[in-house]
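Just below is one structure, and these are the notes that go with it.
Just so it is clear, none of the values below were taken in a lab; they were calculated from the coordinates. Everything numeric here is computed off the predicted structure, so don't read it as measured data. A quick note on method: Cβ atoms are made from the backbone with ideal geometry, for glycine too, and the neighbour counts reach across all protein chains shown.
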Amino acid sequence: MKSIHVTADAVIIDNDRILLIKRGIEPFKGMWALPGGHVDYGERVEGAVVREAKEETGLDVKVIKLTGVYSDPKRDPRGHTVGVAYLCEAKGKKPRAGDDASEAWWWPLDDLPELAFDHKLIVADAVRQLE
């Protein structure tokens, strides 16, 4: 029997910029994405987003609110993955890449690179909620 995996993504916006990581692993190795990853067994999704943000950017984050739940079965080429995205606030401004990320960088919201997975949709939803 196939299973569904759950991921947590951090949408970290500071003024008119967003913190993204460059993926150091497949899928989408070399592409930019939101910091995030799989929820561990026994872990709350809110805890997973804080942990993943810290592992990939070196920054502590505070969860502000739910951005959305993304469940398109084709959103991840590895299999059916349900993503839960949160708008987060960073406690610090100088990221350093770690774990699955090869880079971490603040990007202007009006000049984003191509994003992995369905992260363009997630960013658009978060920005719309801030307006």
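Take the conditions (1) surrounded by fewer than 22 Cβ atoms within 10 Å (Cβ to Cβ); (2) touching a helix residue (DSSP H, G or I) at 6+ places or on another chain (Cβ under 7 Å); residue 54 misses just one of them, which is (2).
Checking the structure you have, find out if any residue of the stretch 118-128 is at positive phi, touching a residue at least 40 places away in the same chain (Cβ under 8 Å) and within 15 Å of the chain's Cα centre (by Cα). Checked the stretch 118-128: no residue is at positive phi, touching a residue at least 40 places away in the same chain (Cβ under 8 Å) and within 15 Å of the chain's Cα centre (by Cα). Just one of the listed residues (34, 87, 112, 59) is in contact with a Gly (Cβ under 6 Å, 6 or more places away or on another chain) and either within 21 Å of residue 15 (Cβ to Cβ) or among the polar types (S, T, N, Q) (or both), namely 59.
Report yes if residue 54 is charged (D, E, K, R) and part of a strand (DSSP E or B), otherwise no. Taking the combined requirement at face value, the residue does not satisfy it.
Residue-level check: of (1) over 24 Å from residue 15 (Cβ atoms); (2) under 12 Å from the mean Cα position of the chain (by Cα); (3) among the basic types (Lys, Arg), residue 44 misses just (2).
For the stretch 85-123, a residue qualifies if it is aliphatic (A, V, I, L, M) and either assigned to a loop (DSSP other than H, G, I, E, B) or exposed (fewer than 12 other Cβ atoms within 10 Å of the Cβ) (or both), and the qualifying residues are 97, 109, 112, 116. Scan the stretch 40-50 and tell me whether some residue there is in contact with a Phe, Trp or Tyr (Cβ under 9 Å, 6 or more places away or on another chain), part of a strand (DSSP E or B), buried (at least 21 other Cβ atoms within 10 Å of the Cβ) and touching a residue at least 12 places away in the same chain (Cβ under 8 Å). The answer is no, given that none of the residues of the stretch 40-50 is in contact with a Phe, Trp or Tyr (Cβ under 9 Å, 6 or more places away or on another chain), part of a strand (DSSP E or B), buried (at least 21 other Cβ atoms within 10 Å of the Cβ) and touching a residue at least 12 places away in the same chain (Cβ under 8 Å). All told, residue 63 meets the bar of being over 13 Å from residue 20 (Cα atoms) and touching a helix residue (DSSP H, G or I) at 6+ places or on another chain (Cβ under 9 Å). If you check 29, 74 for being touching a Lys or Arg at 6+ places or on another chain (Cβ under 9 Å) and not in a strand (DSSP E or B), only one passes: 29. A count restricted to the stretch 76-117 and to residues that are of a type in the set (D, E, K, R) and in contact with a strand residue (DSSP E or B) (Cβ under 6 Å, 6 or more places away or on another chain) stands at 3. Taking first residues from the stretch 1-24 that are surrounded by 16 or more Cβ atoms within 10 Å (Cβ to Cβ) and partners that are of a type in the set (Lys, Arg) and part of a loop (DSSP other than H, G, I, E, B), the Cβ contacts under 7 Å between residues at least 6 apart in sequence or on separate chains come to 23/29. Only one entry in 9, 60, 72 is under 16 Å from residue 98 (Cβ atoms) and among the acidic types (Asp, Glu), namely 60.
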